[in-house]
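The values are calculated or read from the model by the stated rules, or taken from the named source; none is laboratory data. If you're wondering where the values come from, they're calculated on a predicted model, not measured in any experiment. When we count neighbours, we look across all protein chains shown, and the Cβ atoms used for this are built from the backbone with ideal geometry, even at glycine. What goes into the accessible areas is simple: the full protein's heavy atoms, side chains included, and nothing from ligands, DNA or RNA. Shrake-Rupley method; radii C 1.70, N 1.55, O 1.52, S 1.80 Å.
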Amino acid sequence: MQIFEAMEAYDYGELHLRRDAATGLRAIVAVHDARLGPALGGCRCIPYDTEEAAITDAMRLARGMTYKAAISGIPHGGGKSVIMRPEGAFDRAALFRAFGQFLEDLGGHYITAEDSGTSVEDMEIIRSVTKNVTGVKKENGGSGDPSPFTALGVRRGIEALVKFKLGRDDLEGLRVAVQGVGHVGYHLCKELHALGANLVVADIDPLKAERAQREFGAEVGDLASIFATECDVFAPCALGSALNDETIPALNCSIVAGAANNQLAQPKHGDDLYQRGILYGPDYAINAGGLMNVAAEVAGYDADAVTERVMGIYDILWEIADRAKGAMQPTHLIADMIAQERLASAAR
Ligand code: NAD
């Protein structure tokens, strides 16, 4: 792998590597941009076939964190870390202590959080070595499950886009199709149901779809064609790349607004939505509620202040839609532009 070439391709500033022979730690910290403050982002601990795959994974996601923090007005940069999960048996506590020492040695330049393959317990172990960690237990000043905050932010984003596109002040009787009713999708359904919206849901786990049916009177839609459901809002809350060459022509909605990360399979799919006259709520702007929650741990956690900030996602989505209309450009480009303006105006 040509490391500097890869860093250039992902528009990178820094990559930090740490090997610890005693514990088998092989870890990567990717700091995409730290102009707005210490980089903040999750730590993955999963098996990787190659070092290249691990480095690429770390770099791939941190750029999104930079943009998410910038557009949300959070004083953090974007980072991500990866621990290459050792093969066979290993001492997990020792591994995460060694990782914590790595973060301590980075002096607060990168602050970690939970991600795939890591847990609150792992964050607690890291915390025994360094304070550069979030996502610890509530009793230790942690912020708990971010999903309800992410869902609240998505609901506020939907309210803004509904007002902007449909001229409506409420969600009563609005039809929303939700793809994926896991942690965030479930809480989003709860929010929308409380405001009188009608729901259609689909999830590869039938029990989750049934729970939304039981608790919120949701209709259970077809898994393969949920994106084609006739509705006002399509909310992708499952995996990335939900908006692609196959799904966009089939969409039967006015607005796309959901929690999933990396919803556009490629940037050009944002243009395709625009061409179809569908208003898209850029993923990293609308799903920033969870990041707002976790970032609040760094400054001293205050749930009311976090809720207020997350409610403000309405204004962020409104600004994006409004500027996009004025510039006659797609919303994903305008969101990038706003984030880049904030990054450029930050002191170096
Ligand atoms: P989750 O794993 O709890 O939920 C995802 C759900 O999608 C699961 O119920 C799964 O069964 C379902 N699913 C998977 N593939 C599907 C498919 N093809 N069709 C329909 N359903 C499918 O994850 P989550 O925490 O709810 O996160 C959902 C998305 O939001 C992810 O993309 C995540 O990266 C993003 N996100 C989450 C948060 C958060 O606070 N949890 C914050 C920001 C972004």
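A few notes on this one:
- FRET efficiency for the M337 to R168 pair, using the beta carbon distance and R₀ = 35 Å, is estimated at 0.80.
- Equivalent-ellipsoid semi-axes of the chain, from the Cα gyration tensor, Å, largest first: 34, 22, 20
- Cα shape, the range 192-348, gyration tensor, a/c 1.5 rule: oblate
- What the chain shows is 44 Å² of accessible area per residue, with the surface traced by a 1.4 Å probe over protein heavy atoms.
- Candidate lysines - alpha carbon under 23 Å from K208, same-chain residues fewer than 8 apart omitted: K190
- Dipole magnitude for the chain: about 460 debye, using +1 per Lys or Arg Cβ and -1 per Asp or Glu Cβ, origin at the Cα centre.
- Put simply, the convex hull of the Cα atoms in the range 165-265 casts, on average, a shadow of 5.8 nm².
- Radius 13 Å from Cβ of A209, net charge of other residues (Lys, Arg +1; Asp, Glu -1): -3
- Set of lysines near K137 by C-alpha distance (under 23 Å), chain-local residues within fewer than 8 positions excluded: K80
- Karplus (6.51, -1.76, 1.60) ³J(HN,Hα), θ = phi - 60°, over the range 212-227, in Hz, Gly and Pro reported as x: 5, 5, 5, 7, 10, x, 6, 7, 8, x, 6, 4, 6, 9, 4, 5
- The residue list G135, Q101, V82 was ranked by how far each Cα lies along the charge dipole of the range 49-140 toward its positive end, using unit charges on Cβ atoms, and G135 comes out on top.
- Charged neighbours of A288, selected by a Cβ distance under 11 Å, balance to +2 (K, R count +1; D, E count -1).
- Separation of the A94 and S345 label points, Cα + 7 Å toward Cβ, nm: 5.1
- Theoretical gain in end-to-end length, E219 to D315 [0.36 nm per residue, Cα-Cα removed]: 31.5 nm
- Sorted on the mean count of surrounding Cβ atoms within 10 Å across their residues, most packed first, peptides 288-297, 186-195 read 288-297, 186-195.
- Whole-percent carbon and sulfur share, accessible surface of the range 228-299, 1.4 Å: 47
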